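So the structure is just underneath, and the comments pick up after that.
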Amino acid sequence: ARMGLPALALLLAVGLLHTQASPPAGSFQLDYENDCFRKDGAPFRYISGSIHYARVPRPAWRDRLLKMYMSGLSAVQVYVPWNYHEPLPGVYDFAGDRDMEAFLDLTAELGLLVILRPGPYICAEWEMGGLPAWLLWKPDIVLRSSDPAYLAAVDSWLHVLLPKIKPRLYQHGGNIISVQVENEYGSYYACDYGYLWHLLGSFRVLLGSEVVLFTTDDSRVEELRCGTLPGLYATVDFGPGFNVTEAFGAQRQVEPKGPLVNSEYYTGWLDYWGEAHASTSSVRVARGLEDMLQLGANVNMQVVSWQGHSLGGRYMFHGGTNFAYWSGADFKNQYKPVTTSYDYDAPLSEAGDPTEKLFAIRTVISKFQPLPVGPMPPATPKYAYGQVALRKYANLLDVLDVLCPSGPIHSQFPLTFEAIKQAHGFVLYRTQLPRDLLDPATLSAPPHSICDRGYVMLQQEYQGTLERDGQTVLRVTGRAGDTVDVLLENMGRISFGANISDFKGLLGNLSLDSNPLSNWLIYPLAIDTAIEQGWPHTALPKSGSRTRAGPAFYTGTFETPGITWDTFVKFPGWSKGQLWINGCNLGRYWPRRGPQQTLFVPGSVLHVGCPNNITVLELEGAPPDPFLLFLDQPLFNRTLS
């Protein structure tokens, strides 16, 4: 079964360590003779936990890392999402929340070692597994393979990324002790050894010959065969309840000597929209951790999602939040988008608060090594700012001039997001009824052609929603020439498995009583760009907005009582949409489907002494008297978490 989630990822390297003669200074090595790791020639065991800087606001990095250090961890495991840093080919962003180097320097400042996982593919329930959507501008590209177009993009990225990493390697005086190549490649259908050899060569050229390079795969022999190569140390992942002897036995078939390593020991569970909020017993997690440590293991704590017959690691000591559009999706007989919250029942909650699970883990760690001196930093302060009334600003269809200033693209048939070079968010597709429909006619989409939700309007009146692997038919009436609008929402590209070439938008033509519609106007919507520039709060309200149903913008403001503490916003009576506060995209809300009922609002996005601007894009229907409710606790499954 595939596991993926955050909460804890445990890297286990089993074996007693013995000193070597005259080791080089600043060395971290595999000792095949004694089946162990060596740090500076001396016996060494690390206990590590995963954190994703891309899911944590930069002002909170220090707080989260300090809590991890005070939990007794000696290392952190870190992914680098390629698409977070290269939004367009050759355009790189390492500023602000994306300042990976500042994050790595902070780990060093706090005395934490780093196990780095730079991909290029990472999974992590992140949009497209960290691969940039612009790779799909070439529709026939074969991702994670020796496809020349894919390798050219990978090479360009690695020549930017890895030179930033090399000075921070342990051998160069830094704190990065090992680097993963690819991620769970054995679970991917391609099994392309040429691709792995290419990556191995690139990593060695750009990082040098001394750094420990490793791979991680499910503890099934067939996946280990496809997932690694000579020169890449093969590790496995498995969670509580697995037979440890059998799992490590699979690793031994690939690595007869060297440390036994579980790179992802799962301690939490993944949430999908429309399913129950997941949790994992603290007692079970602590017991499994203690069993591992009694073997002399190095441990990286992770959380888990369970899927079918393979493991895919999501391993968080602190999960954080899928802000904006960064949440990924899985495919298990159907498309399963991941929630905005990446809490994953991790030891540190989404808001960075120590949990019962953290203290249970800390108690186990204390049995094997001394804990840092001093108290565990407390939970961050929360504030219930209360109820904030909103008013309708405009229907989305009334502000296309703002959201698509360049105007629409004309096409006989629909084009995908990728064909019009739109990575995330929303695209509007517009056409006209070709004839009078006095009796209800069937508006339908071909199977698997709505990616991922389509909000249908006829003459600006909301008709209903078409959905991937869900409803694909509506009954409509109207006159010839009436305008048909379909707002397509990208809910996140698949991040694991063979389906990661996950094109978005209308992938096939809509039909009216089996007759294809044609002559489309396609509007790529730059909603975030407009909101970041102050819209709609700097604009006059639109008049004449009639119905409450269908895609529309709502605005409001509130002031804080001299503090900017973290908070959680609830959406009473709302359906589904997107939230911005002070121009910051805080992600998707969907209380009608759940389990997540609130969105986390970091205090760092709030202002003191001036109004905080709220913008909501509601996609289906707001309540009659719309308001938001700010709480000091999150809500899942409609009950206090």
Checklist line | Helix axis angle, 244-254 relative to the chain longest principal axis, alpha carbon, degrees | finding: 80 degrees
Margin query: Name the residue from Gly249, Leu104, Ser145 whose Cα lies farthest towards the positive end of the charge dipole of the stretch 28-366, charges +1 on Cβ of Lys and Arg and -1 on Cβ of Asp and Glu.
Written below: Leu104
Checklist line | Cα shape, the chain, gyration tensor, a/c 1.5 rule | finding: prolate
Next item on the list: With a point put 7 Å past each Cα toward its Cβ, work out how far Asp401 is from Leu629 in nm, to one decimal.
Entry: 3.9 nm
Next item on the list: For a label point 7 Å from the Cα of Ser279 along Cα→C-beta, name the residues of the stretch 580-608 whose backbone N is under 20 Å from it.
Entry: 594-600
Margin query: What is the angle, in °, between the Cα long axis of helix 356-366 and the longest principal axis of the Cα atoms in the chain? Nearest 10 is fine, range 0 to 90.
Written below: 10 degrees
Item checked: Per-residue [θ]222 nm for the chain (sum of -39500 (n - 2.57) over DSSP H runs n ≥ 4, rounded to 500) -> -5000 deg cm²/dmol
Notebook entry, point to check: Relative to the longest principal Cα axis of the chain, at what angle does helix 193-207 sit, 0 to 90 degrees, rounded to 10?
Noted result: 70 degrees
Check: Using the heavy atoms of the protein chains alone and a 1.4 angstrom probe, what is the accessible area of the stretch 406-525 per residue in square angstrom?
Finding: 38 Å²
Notebook entry, point to check: In the chain, what cysteines have no partner Cβ closer than 4.7 Å?
Noted result: Cys36, Cys123, Cys404, Cys451, Cys584, Cys610
Next item on the list: Take the alpha-carbon centre of the stretch 562-581, take the same for the stretch 121-176, and report the distance between them in whole Å.
Entry: 34 Å
Checklist line | Where labels lie 7 Å past Cα in the beta-carbon direction, separation of Leu151 and Thr442 in nm | finding: 4.8 nm
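Between His607 and Asp93, take the C-beta separation as r, use R0 = 22 Å, and let me know the FRET efficiency to the nearest 0.05. Can you show the working numbers first?
Working: r = 24 Å, r/R0 = 1.10.
Between His607 and Asp93 the formula returns 0.35.
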Check: So which trypsin sites (Lys or Arg not before Pro) in the stretch 346-393 end up in coil per DSSP with only 14 or fewer other C-beta atoms within 10 Å?
Finding: Lys367
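By the gyration tensor of its Cα atoms, with a ≥ b ≥ c the square roots of the eigenvalues, what is the shape of the stretch 478-585: rounded for a/c under 1.5, prolate for a/b over b/c, or oblate? Show your work: numbers first, answer last.
Values: a/c = 2.40, a/b = 1.47, b/c = 1.63.
In terms of gyration-tensor shape, oblate.
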Check: For the charge dipole of the chain, defined by +1 on Lys and Arg C-beta atoms and -1 on Asp and Glu C-beta atoms about the Cα centroid, which residue among His172, Gly129, Val569 has the Cα displaced farthest towards the positive pole?
Finding: Val569
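Residues of the stretch 28-366: accessible area per residue at 1.4 Å, in Å²? Mind dumping the intermediate values first?
Working: 10140 Å² over 339 residues.
Here the per-residue accessible area is 30 Å².
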Next item on the list: State the Cα centre-to-centre distance between the stretch 491-528 and the stretch 44-114 in whole Å.
Entry: 34 Å
Margin query: Could you work out how much longer the chain between Ile420 and Glu101 gets when fully extended? Use 0.36 nm per residue separation minus the Cα distance between them, nm to one decimal.
Written below: 111.6 nm
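Run the accessible area of the chain with a 1.4 Å probe and give the carbon-and-sulfur part as a rounded percent.
Heavy-atom surface of the chain belonging to carbon and sulfur, 1.4 Å probe: 53 percent.
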Next item on the list: Could you please state, rounded to a whole Å, how far the C-alpha centre of the stretch 462-478 is from the C-alpha centre of the stretch 193-240?
Entry: 46 Å
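The values are calculated or read from the model by the stated rules, or taken from the named source; none is laboratory data. Predicted model only: the values in this text are computed from it and were never measured. In this analysis, Cβ positions are derived from the backbone assuming ideal geometry, glycine residues included, and neighbour counts consider all displayed protein chains. Note: areas computed on protein heavy atoms with side chains; ligands, DNA, RNA excluded. Shrake-Rupley method; radii C 1.70, N 1.55, O 1.52, S 1.80 Å.
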